[in-house]
Structures are given as C-alpha cells and as structure tokens.
Amino acid sequence: MAKKPTRRLARTVRAIASWLVGLIVFFPILWMLLTSFKTELDAFSMPPHFVFAPTLENYEQILKRANYLHYAWNSIVTAGGATILGMLVAVPAAFAFAYHPTLRTKNILLWMLSTKMLPGVGVLVPIYLICRDLNMLDSRTALIVIFALINLPIMVWMIYTYFRDIPIDILEAARMDGAGTWKTMSRVLIPISRGGLASTALLCLILSWNESFWSLNLTTSNAAPLSALVASFSSPEGLFWAKLSAVSTLACAPILVLGWLSQRQLVRGLTFGAVK
Amino acid sequence: MSRLVIRSLRKSFDGTDIIKGVDLVVENREFCVFLGPSGCGKSTLLRLIAGLEDVDEGQILLDEDDITDLPAVRRDLAMVFQSYALYPHMTVRDNMSFALKLAKADNATIDAKVGKAAKILALEPLLDRKPAALSGGQRQRVAIGRAIVREPRVFLFDEPLSNLDAALRVQTRLEIARLHQELNATMVYVTHDQVEAMTLADKVAVFNEGRIEQVGSPLDLYRRPVNRFVAGFLGMPQMNFLPLTTANGGYTLANGAAVALPAGLDAGSGATLGIRPEHLVICEGDDARPGVRLDGKLTVVERLGSETYAYVDIPSIGTLTVRAEGDFERGAGRGVCVRLDTTHAHLFDAKGVAIHHP
Ligand SMILES: Nc1ncnc2c1ncn2[C@@H]1O[C@H](COP(=O)(O)OP(=O)(O)OP(=O)(O)O)[C@@H](O)[C@H]1O
Ligand SMILES: [Mg+2]
C-alpha cells in the first residue's frame with residue numbers, strides 16, 4: 001500500500017520527462033511551422049512571438065514564384081527510385097554476407113561502412129566530371145544512382161543485422177522443403193524480416209529526400225528536387241526567414257506524413273533484434 | 001524403397017578432419033541411430049546426407065541413385081531440426097503444406113495430406129496458430145508433421161527431443177517409435193542419449209571422433225562391444241574397467257587378487273577387464289559364491305527406488321559401481337565386499353580392442 005503513491009509519482013515524473021524530451025526534439029519542426037505563417041517582420045522580431053496573426057502570404061508567394069509540383073515530383077522520383085534500386089542491391093548483398101560468409105566478409109562490411117567516412121565533397125569533382133561526360137548533369141537518373149550508392153552501406157548493414165537474427169536453420173528447413181535460393185528469399189526470408197526491410201527502405205527514402213549536397217551540385221532546374229528549391233530561397237535577395245520556413249515546410253511535409261503513418265512499422269523494425 | 005548407402009565419406013572444415021572415412025548402410029524401412037559424444041561429427045554426417053554440406057570425398061547412394069552432388073532441394077529427404085526451425089510467419093497449416101505447395105501439389109491433395117498428418121500428431125486444433133503460440137512439445141510435433149506430409153524417401157532427425165523436458169521426451173520418444181511402425185519409412189536419427197538409441201533403433205552406429213566404432217542392434221552393442229569406447233559409452237552407469245597385470249602365467253588385479261580367465265585366453269600384457277554394474281554383487285561377511293572377493297567401503301549410495309547404485313571404494317583398485325536392489329539398506333561409510341564373477345567379464349587388450357565377451 002505504502003508503495004503506491006511513490007510509484008504514481010515516479011510515473012508522473014517519467015511522463016513529464018518524456019514529454020519534455022519529445023518537445024525538445026519536435027521543437028525545430030514546430031518553430032519552422034509557426035514561422036512559415038508569420039510575416040517577415042514577425043519572423044525577425046526579438047524576443048520571438050508565439051502569438052501572432054497568421055498569414056498565408058509566404059505560401060502564396062512561393063507557389064507563385066516556383067513550380068512546387070515539379071520539384072516535388074523530382075523528389076518523389078529520385079528518392080523513391082534510389083530506395084528501390086538500393087533495396088534491390090542491398091537485400092541480395094546482405095543475404096550473401098549473412099548466410100554465405102567467407103573469411104573476408106567482416107572486412108568487406110567494414111570497408112563498405114568506411115566509404116561513408118569520406119566527405120562527399122572529396123569526390124565531387126570526379127563525380128561531376130563523370131556525370132558531365134555521360135551527359136547526365138541535371139538528370140534524375142544520376143541522382144537516383146548516387147543516392148542509392150551513398151545509402152547502400154547503411155542499408156546493407158541494417159539488413160545484414162536483421163538477417164543475422166534469423167536462425168539459419170529456418171532457411172535450411174526451407175531448402176529441405178524444396179525451396180531454391182529465390183523461393184527461400186521470397187517466401188521465407190523476406191516475409192520474416194519485412195519489418196526490418198520496411199524501416200531500412202523508409203530510412204533510405206528519408207535520407208534521399210533530404211539530401212542536398214549532390215542535388216545542389218548536380219542539378220540546375222530540370223531534375224532539381226525539393227531540397228534544391230529550399231536552398232534557392234536562402235541566398236539571392238538576402239535571408240527571408242518566413243519564406244524559407246514555408247518552403248521547408250512544403251519540402252518536408254510529404255516525408256513527415258509518410259513517417260508519421262508508418263511510425264509503428266519503423267519503430268518495430270528498428271527494435272527488431274532487441275525484442276525477439 | 002529407400003536404402004541409404006554411405007561409402008568412405010570424408011569431410012573437413014577449415015583443414016580439420018571432422019568425418020574421417022565413414023561407411024554405413026541403412027536398409028529400407030530401418031530406424032538407424034547415430035550415437036556418440038558431443039562433437040564427434042554426428043550432425044555433420046546427417047547434414048552431409050541431407051545435402052546441407054558438401055562432401056569432400058566418398059559417395060552417398062540412395063537406392064541406385066548417386067546423390068553425392070545433388071542439391072538438398074532435390075534430394076527428397078525431410079529433416080527435423082533440433083531447434084524445430086518452423087517458419088515463424090506461417091500458421092501450422094502453412095508450415096506443413098509449404099513443401100507441397102512448392103512441389104505444386106493441388107489443393108485437395110495438400111488438404112488431405114496435412115489433415116492426415118495433423119490427425120496422427122493430434123495437431124488438428126492448432127492448425128491455424130502461428131508457431132509463437134505453441135508450446136515446445138507442440139512445435140516439435142509440427143516439425144515432425146512438416147516432415148510427414150512430404151512422404152520423403154528418408155527422414156532425418158537431429159536430436160529432436162533434446163529441447164523437451166523429461167516427461168515430454170519420453171512421450172515423444174514413444175510417438176516417434178509408433179510413427180516409424182505406422183509410416184514404415186527409413187529413418188536416420190542423431191542423438192547422444194543412449195536411452196533414445198536403445199529404445200528406438202533397429203540399428204545403432206556408435207561414433208567417436210569422426211569414425212564409426214561399431215554398428216549393430218542395440219542389444220548386440222550392449223552385449224558384445226568391439227572395444228572399450230563402445231563398452232564404456234553404452235550402459236548407465238558405465239561399465240567398470242579394471243586393469244590386469246600378468247603374474248606367474250596368470251592374471252591379477254591391481255590389488256594382487258588373482259583372477260581366473262576363461263581357459264586358453266591370452267590377453268597379453270596391459271589388458272583390461274570390463275564388468276557391468278549389474279554383474280557385480282555386494283556380498284555379506286563370508287559369502288562363498290564363485291568369483292573374486294574385493295573388500296572396500298561404500299562411498300556414495302544412489303537410490304532410484306527400483307534399483308540402487310552403490311559406489312564402492314576398493315583400496316589400490318579404485319571405485320567400482322555396483323547395481324543393487326531397490327531395498328538396499330546399507331549407507332555410505334559402511335565397509336562392504338564386492339564379488340566379481342569373471343564369467344560375466346569382458347576382456348580388452350592393451351589397445352582397447354575386445355578379445356572376449358561373456
Ligand atoms: N560449419 C562448420 N565449420 C567449422 N567447424 C564445424 C562446422 N560444423 C561443425 N564443425 C565442427 O565439427 C565437429 C563436429 O560437429 P557436429 O555438429 O557434427 O558434432 P555432433 O556430433 O553433432 O555434436 P553434438 O552432439 O554436440 O551436436 C565439431 O568440432 C564442430 O566444431
Ligand atoms: Mg549435433
């Protein structure tokens with residue numbers, strides 16, 4: 001009996017702490033959203049206003065000045081394409097690493113990850129030249145390939161760890177049941193690890209969607225995705241915080257909604273190994 | 001017909017020889033058990049038969065077909081894994097019908113076969129559950145059911161009972177025995193549990209360090225082990241081994257007591273006498289039954305109810321294990337004598353090869 005009040009107190013403290021952390025994490029997005037509805041003047045005011053007269057003027061101007069749908073479509077095609085391409089390569093690669101390891105498998109995995117340590121700008125010139133020579137500057141195909149490649153190490157690693165959690169006995173049982181490699185993958189391995197695969201794909205989608213370095217450097221207008229549109233608002237005529245916030249909101253809204261809808265799947269996938 | 005023939009099979013992992021030349025025939029409809037201590041290569045041999053590992057040297061024949069290089073997918077053998085290895089995302093029904101679906105059997109056939117297997121294994125009420133919602137014993141039955149519906153040429157079992165508790169293990173053991181009679185199928189069964197081997201097998205192959213030491217019926221191995229390894233491995237508690245020394249043309253035990261060997265038997269030097277606990281007798285003060293009398297002290301007494309194992313410490317010989325009646329009353333610490341009747345003794349030469357059986 002005496003325990004009960006302390007337990008309730010502990011629960012309250014925990015709840016408050018979680019809300020606080022949640023708020024801190026969410027605050028930048030909230031602030032961006034609020035700023036996007038302010039006038040440029042309100043956006044600059046110090047101390048900042050939490051209460052203001054909301055306006056849609058920023059959104060109007062942006063949609064007037066740029067073709068949002070064009071950029072959004074580029075983002076969908078490049079991020080989606082990169083995700084599909086990445087998964088098509090990463091799943092078989094992780095399968096090979098997890099179930100047919102050689103003496104060098106660990107080294108190869110580490111080497112793959114080490115490529116992520118190279119700053120992108122280090123290979124900017126060669127990649128730019130390659131794209132130019134292939135006539136692929138400002139092309140969505142180039143972005144798809146590059147996004148897929150830069151995400152591949154992480155995707156392979158993630159899927160590899162999910163696969164490692166699946167006992168090899170199950171795959172051998174499938175083999176004994178008459179399933180070849182392809183059937184074992186499609187009927188057993190992929191269904192079992194679909195949570196992990198979904199979260200890997202989603203992560204790749206988000207990373208590609210928000211990628212800006214290569215988008216800015218390799219595209220001008222034809223293939224430019226939303227991240228390039230955001231950047232275009234940050235410099236020419238000085239900083240316009242409110243418009244920048246509005247365009248950023250527009251840029252990340254689709255992916256935010258997608259993440260929201262699939263959060264259950266995402267969390268399940270990211271903690272897959274832990275709860276089993 | 002499914003007669004399995006294994007010819008001089010060899011397998012090594014990373015330069016270490018694991019299977020060092022195995023020859024074995026498993027007759028059609030025979031229940032063959034691979035028995036041996038942990039790490040001796042039983043599972044490896046089973047996996048070679050299954051096609052889950054590649055053969056280095058030798059041949060595996062199934063009836064007239066050489067299946068040595070045939071991929072596992074096409075061998076038409078079924079395996080029951082120690083871990084059950086059920087497909088976690090499928091219901092019991094789907095687990096059991098997976099192989100048939102892959103083989104493109106029609107729905108009516110699948111339903112009939114799954115229904116029949118489910119009935120044999122009392123799985124009917126569980127058909128729509130996922131493996132996660134089953135107990136260990138039920139999962140085990142599903143794993144067996146998955147093998148049955150296939151009607152494979154040979155059933156392979158890798159220690160299928162080792163994850164079950166004692167009561168369930170006995171029950172499932174009986175079920176497997178019944179299944180073997182009912183299905184009339186060739187079965188190969190790996191275990192390190194000699195009770196499973198003795199009770200289930202038509203034929204036992206005793207393994208040691210990648211080789212087969214002896215093949216035969218369970219009682220045959222028990223009564224006529226070809227060497228000390230088999231003699232010591234079969235039997236609970238273990239056979240007693242007493243070193244012999246030659247003296248004046250006869251043989252004596254380590255404490256100097258003379259033993260009479262069967263006439264005309266020359267064991268050479270370094271021989272060992274083996275005698276099972278049930279053939280030793282705890283004797284009373286001046287017992288005049290035949291055999292060598294050894295005096296010692298009871299160190300441990302294990303009472304199992306139906307029988308009692310008495311461990312008797314004999315000076316300069318060591319501890320002998322004696323099986324006594326369930327109502328054996330003397331306790332540890334008491335001085336007793338043990339009577340050793342050499343008509344029940346096995347003899348092994350210096351290399352451990354059996355040269356005489358009772
Ligand atoms: N894939 C492998 N790679 C390397 N060594 C292996 C491999 N599989 C088995 N071994 C080795 O082969 C030996 C025999 O293994 P195996 O699994 O056949 O033993 P076992 O008789 O089944 O033992 P247990 O009763 O413990 O299951 C062991 O020393 C093991 O370490
Ligand atoms: Mg084993």
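The values are calculated or read from the model by the stated rules, or taken from the named source; none is laboratory data. If you're wondering where the values come from, they're calculated on a predicted model, not measured in any experiment. In this analysis, Cβ positions are derived from the backbone assuming ideal geometry, glycine residues included, and neighbour counts consider all displayed protein chains.
Of the numbered criteria (1) within 14 Å of another protein chain (Cβ to nearest Cβ); (2) among the aliphatic types (A, V, I, L, M); (3) more than 28 Å from B:T91 (Cα to Cα), the one A:A231 fails is (1).
Any residue in the range B:15-38 that's within 14 Å of chain A (Cβ to nearest Cβ): show its pairings with residues that are part of a loop (DSSP other than H, G, I, E, B) and within 16 Å of ligand 2 (Cβ to nearest atom) at Cβ separation under 6 Å, as long as the two are six or more apart or on different chains. The qualifying pairs do not exist here. Applying the set (1) within 15 Å of the chain's Cα centre (by Cα); (2) surrounded by 15 or more Cβ atoms within 10 Å (Cβ to Cβ) to B:V195 leaves exactly one unmet item: (2). Taken together, the residues in the range A:147-187 that are of a type in the set (A, V, I, L, M, F, W, C) and within 28 Å of A:G81 (Cβ to Cβ) amount to 14. Of the residues screened, A:F147 is one that is more than 14 Å from every other protein chain (Cβ to nearest Cβ), farther than 30 Å from B:A50 by Cβ and in contact with a Phe, Trp or Tyr (Cβ under 9 Å, 6 or more places away or on another chain).
Considering (1) closer than 18 Å to B:N240 by Cα; (2) in contact (Cβ under 8 Å) with a residue 40 or more places away in the chain, the lone condition that B:R289 does not fulfil carries the number (1). Only one entry in A:K64, A:K106 is farther than 30 Å from B:A50 by Cβ and either within 14 Å of chain B (Cβ to nearest Cβ) or out of contact with any strand residue (DSSP E or B) (no Cβ under 8 Å at 6 or more places or on another chain) (or both), namely A:K64. When the residues of the range B:103-115 are filtered to those that are more than 8 Å from every other protein chain (Cβ to nearest Cβ) and part of a loop (DSSP other than H, G, I, E, B), which remaining residue is surrounded by the fewest Cβ atoms within 10 Å (Cβ to Cβ)? In this case the residue turns out to be B:K104. The single condition among (1) more than 12 Å from the chain's Cα centre (by Cα); (2) within 16 Å of ligand 2 (Cβ to nearest atom) that B:Y189 does not satisfy is (1). Of everything in the range B:23-53 that is away from ligand 1 (no atom under 11 Å from the Cβ) and farther than 19 Å from B:P152 by Cα, the residue that is farthest from the chain's Cα centre (by Cα) is B:D23.
Within the range A:179-226, the set of residues being within 30 Å of B:L100 (Cβ to Cβ), of a type in the set (V, I, T) and either more than 11 Å from chain B (Cβ to nearest Cβ) or crowded, with 19+ Cβ neighbours inside 10 Å (or both) comprises A:T184, A:V188, A:I192. Among residues belonging to the range B:303-322 that are without any contact (Cβ under 8 Å) to a residue 60 or more places away in the chain and crowded, with 18+ Cβ neighbours inside 10 Å, point out the one that is nearest to B:A271 (Cα to Cα). Ranking the candidates gives B:I314 first.
Take B:C32 and tell me if it is in the same structural domain as B:N184 (by TED's automatic domain parsing), within 15 Å of ligand 2 (Cβ to nearest atom) and not acidic (D, E). Walk me through how you get there before you give the answer.
On the way: in the same structural domain as B:N184 (by TED's automatic domain parsing): yes; within 15 Å of ligand 2 (Cβ to nearest atom): no; not acidic (D, E): yes.
When the stated conditions are applied, B:C32 does not pass them.
Kindly state which helices (runs of 4 or more DSSP H) lie completely within the range A:133-227 and contain at least 3 residues that are of a type in the set (D, E, K, R).
Hits in the range A:133-227: A:168-176.
Counting residues in the range B:80-91 that are free of Cβ contacts under 8 Å to residues at least 12 places away in the same chain and either within 16 Å of ligand 2 (Cβ to nearest atom) or surrounded by fewer than 16 Cβ atoms within 10 Å (Cβ to Cβ) (or both) gives zero. Figure legend. Inter-residue proximity from the range A:166-178: first residues more than 7 Å from chain B (Cβ to nearest Cβ), second residues not in a helix (DSSP H, G or I), beta-carbon distance below 8 Å, spacing 6+ or different chains. Indicated pairs: A:I166/A:S193; A:A174/B:Y87.
Please enumerate the residues belonging to the range A:114-126 that are closer than 20 Å to A:V89 by Cβ and without any contact (Cβ under 8 Å) to a residue 24 or more places away in the chain.
Scanning the range A:114-126 gives A:S114, A:L118, A:V123.
One residue stands out in the range B:116-163 among those that are in contact with a Gly (Cβ under 9 Å, 6 or more places away or on another chain) and assigned to a helix (DSSP H, G or I): the one that is farthest from the other protein chains (Cβ to nearest Cβ), namely B:E124. Please verify whether the range B:93-102 includes one or more residues that are at positive phi, of a type in the set (S, T, Y) and either in contact with a Gly (Cβ under 6 Å, 6 or more places away or on another chain) or crowded, with 16+ Cβ neighbours inside 10 Å (or both). Scanning the range B:93-102, I find no residue that is at positive phi, of a type in the set (S, T, Y) and either in contact with a Gly (Cβ under 6 Å, 6 or more places away or on another chain) or crowded, with 16+ Cβ neighbours inside 10 Å (or both), so the answer is no. Residue under question is B:L123, and the condition is that it be of a type in the set (A, V, I, L, M, F, W, C) and either outside the structural domain of B:S43 (by TED's automatic domain parsing) or within 16 Å of ligand 2 (Cβ to nearest atom) (or both); does it hold? The answer is no for B:L123.
One residue alone among B:A143, B:A132 is touching a residue at least 12 places away in the same chain (Cβ under 8 Å), closer than 26 Å to B:R178 by Cα and of a type outside the set (F, W, Y), and that residue is B:A143.
For the range B:84-98, name all the residues that are in a helix (DSSP H, G or I) and either within 30 Å of the chain's Cα centre (by Cα) or more than 9 Å from chain A (Cβ to nearest Cβ) (or both). Listed by number, the residues that qualify are B:V92, B:R93, B:D94, B:N95, B:M96, B:S97. Residues that are within 14 Å of another protein chain (Cβ to nearest Cβ) and surrounded by fewer than 14 Cβ atoms within 10 Å (Cβ to Cβ) within the range B:39-70 comprise just one, B:D54. Under 6 Å between Cβ atoms, at least 6 apart or on separate chains: pull out the pairs that start in the range A:36-64 with a residue that is over 10 Å from A:A242 (Cα atoms) and end on any residue that is part of a helix (DSSP H, G or I). Pairs found: A:H49/A:D42; A:F52/A:D42; A:I62/A:A246; A:I62/A:V247.
Only a single criterion out of (1) assigned to a helix (DSSP H, G or I); (2) touching an Asp or Glu at 6+ places or on another chain (Cβ under 9 Å); (3) under 16 Å from A:L250 (Cβ atoms) is not satisfied by A:T78, namely (3). From the list B:L280, B:L298, the one residue that fits, being closer than 13 Å to B:L242 by Cβ and surrounded by 19 or more Cβ atoms within 10 Å (Cβ to Cβ), is B:L280.
Taking the criterion of being in contact (Cβ under 8 Å) with a residue 40 or more places away in the chain and within 16 Å of ligand 1 (Cβ to nearest atom), the residues of the range B:146-188 that qualify are B:L156, B:F157, B:D158, B:E159, B:P160, B:S162, B:N163, B:V188.
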